1. Could you give me the residue pairs with C-beta distances under 6 Å whose first residue belongs to the range 46-60 and is of a type in the set (Asp, Glu), whose second residue is at pLDDT below 95 wherever it lies, and which are 6+ apart or on separate chains?
2. Can you name every residue in the range 42-55 that is open to solvent by 20 Å² or more (accessible area, probe 1.4 Å) and either within 16 Å of Ser70 (Cβ to Cβ) or among the aliphatic types (A, V, I, L, M) (or both)?
3. Taking the residues in the range 66-81 that are open to solvent by 60 Å² or more (accessible area, probe 1.4 Å) and part of a strand (DSSP E or B) as candidates, determine which candidate is modelled with the lowest pLDDT.
4. List pairs: first in the range 13-31 and at pLDDT below 95, second of a type in the set (Phe, Trp, Tyr), Cβ under 9 Å, 6+ apart or cross-chain?
5. Do we find that Leu34 is open to solvent by less than 70 Å² (accessible area, probe 1.4 Å), in a loop (DSSP other than H, G, I, E, B), modelled with pLDDT of 95 or more and not β-branched (Val, Ile, Thr) in this structure?
6. Please indicate, with yes or no, whether at least one residue in the range 25-41 is under 22 Å from Thr69 (Cα atoms) and polar (S, T, N, Q).
Amino acid sequence: MKVPVDSIQINAGRRDADRQHVAELAESIRELGLLNPVTIDKGHILIAGLHRLEAAKLLGWTEIDCTITSLTNNGTIDFNG
């Protein structure tokens, strides 16, 4: 599912994206496309894929492919949403 890049929220306290890695990843995505979507929850909070999200922003994308999932009570990911 494609989601607007600017609708994805990044929780405070998350590690910062490495700018050099983001630039290298953006070049790879430009050449090959996005091979693995980012993972967000139903509220569009980022679970996985910070560098991919930042690379998409660097490329000027307005939407990005996402897997939407939810966290269970014990902290595991429920890919059935």
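The values are calculated or read from the model by the stated rules, or taken from the named source; none is laboratory data. All values reported here derive from a predicted model rather than from experimental measurement. Every residue, glycine among them, receives a Cβ derived from its backbone with ideal geometry; neighbour counts consider all protein chains shown. Side chains are part of the model used for accessible areas, which takes the heavy atoms of the whole protein and leaves out ligands, DNA and RNA. Shrake-Rupley method; radii C 1.70, N 1.55, O 1.52, S 1.80 Å.
1. From residues that are of a type in the set (Asp, Glu), the pairs are Glu54/Ala17.
2. Lys42, Gly43, His44, Ile45, Ile47, Ala48
3. We begin by selecting, within the range 66-81, every residue open to solvent by 60 Å² or more (accessible area, probe 1.4 Å); these are 71, 73-74, 76-77, 79-80.
Imposing the further condition that a residue be part of a strand (DSSP E or B) reduces the set to 71, 77.
Numbers: Leu71: 67, Ile77: 59.
Of everything passing the filter in the range 66-81, Ile77 is modelled with the lowest pLDDT.
4. none
5. Working: open to solvent by less than 70 Å² (accessible area, probe 1.4 Å): yes; in a loop (DSSP other than H, G, I, E, B): yes; modelled with pLDDT of 95 or more: yes; not β-branched (Val, Ile, Thr): yes.
When the stated conditions are applied, Leu34 passes them.
6. yes
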